[in-house]
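What follows is a single structure, written as structure tokens, with notes after it.
Since every read-out is calculated from the coordinates, none of them should be taken as a lab result. Everything numeric here is computed off the predicted structure, so don't read it as measured data. Neighbour counts run over all protein chains shown; Cβ positions are idealised from the backbone, glycine included.
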Amino acid sequence: MILKITLIGLMAGVLGTGLGGVLSGIFKKKVDKYIDFFMGLSGGIMLAVVVFDLMKEAIEQKGIFVTVSATFLGVVITMLIKENLHMSQDKQAGYLIFISILLHNLPEGLAIGSSFVSAETLGFTLAIVIGIHNVPEGLAMALSLVGSRMKISKVILFTIIAGIPMGIGSFIGAYFGGVFHSLIGVFLALAAGTMMYVVLEEIFPKSRSLYCIIGFLIGTIIVYYI
């Protein structure tokens, strides 16, 4: 049963973010031309995930003060990672998004695994919803990496790798059940802080234009309806 839950969580993560990476290949030739729009789209998707999903769920589980504290801690951790990430500025944003989605997928995997323990139908439903939800996140990460001149094959590989922690989280959630279930809210808030920092520090300052705002609004709508 634990192996089955782990595989379902892994598929939800890898297929979701991986499909986002494949979709980025369609836009590859247009990224340079419409870079501000695509960066706005990435930022809109990520901030909408932070507000509509991660922080909302964390507040419901842990309350506003724990959520805000853990989100701030996530921001500080990401700042420290950035300071020690020695690479060109254009690649830095893409790699930080990759790290933030890695961190984000672990607690989502924990949620899937814990849900299966309490009710199998709930676990399946959550895995499907999160898998669909991961597509725009994978696209956001992939577009940033494509914008940094990374080869599309490598971009798709990165998006697939980003989905693996969901399988790990599903295993841990199923194996330990309620122990880690109580910490999911904290993990979600940490991931929210990581993603928030990347958007506000790396994406928006480099893409200040009307096209960026249009992309941001479209990204927000995509996440809201998915």
Stretchable slack from Glu60 to Val129, in nm (0.36 nm times residue separation minus alpha-carbon distance): 23.0 nm
Most mobile of Val146, Val75, Val51 in a GNM of the chain (Cα contacts under 10 Å): Val51
Distance in nm between pseudo-label sites at Ile77 and Ile221 (7 Å out along the Cβ direction from Cα): 3.4 nm
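What whole-number volume per residue, in cubic angstrom, does the convex hull of the C-alpha atoms of the chain give?
On the way: hull volume 24.3 nm³, N = 226.
In the chain, the Cα convex hull volume per residue is 107 Å³.
Over the chain, calculate the relative contact order: mean separation of alpha carbon pairs under 8 Å at least 6 apart, over the residue count, as a percent.
For the chain, the relative contact order is 48 percent.
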Additional length obtainable on full extension of the chain from Lys151 to Leu7, 0.36 nm per residue less Cα span: 49.0 nm
Angle between the chain longest axis and helix 152-176 axis [Cα atoms, degrees, rounded to 10]: 20 degrees
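At R0 = 22 Å, how high is the FRET efficiency between Arg208 and Ile26 if r is their beta carbon distance? Nearest 0.05 is fine. Each step should come with its number before you reach the end.
On the way: r = 26 Å, r/R0 = 1.18.
My answer for the efficiency is 0.25.
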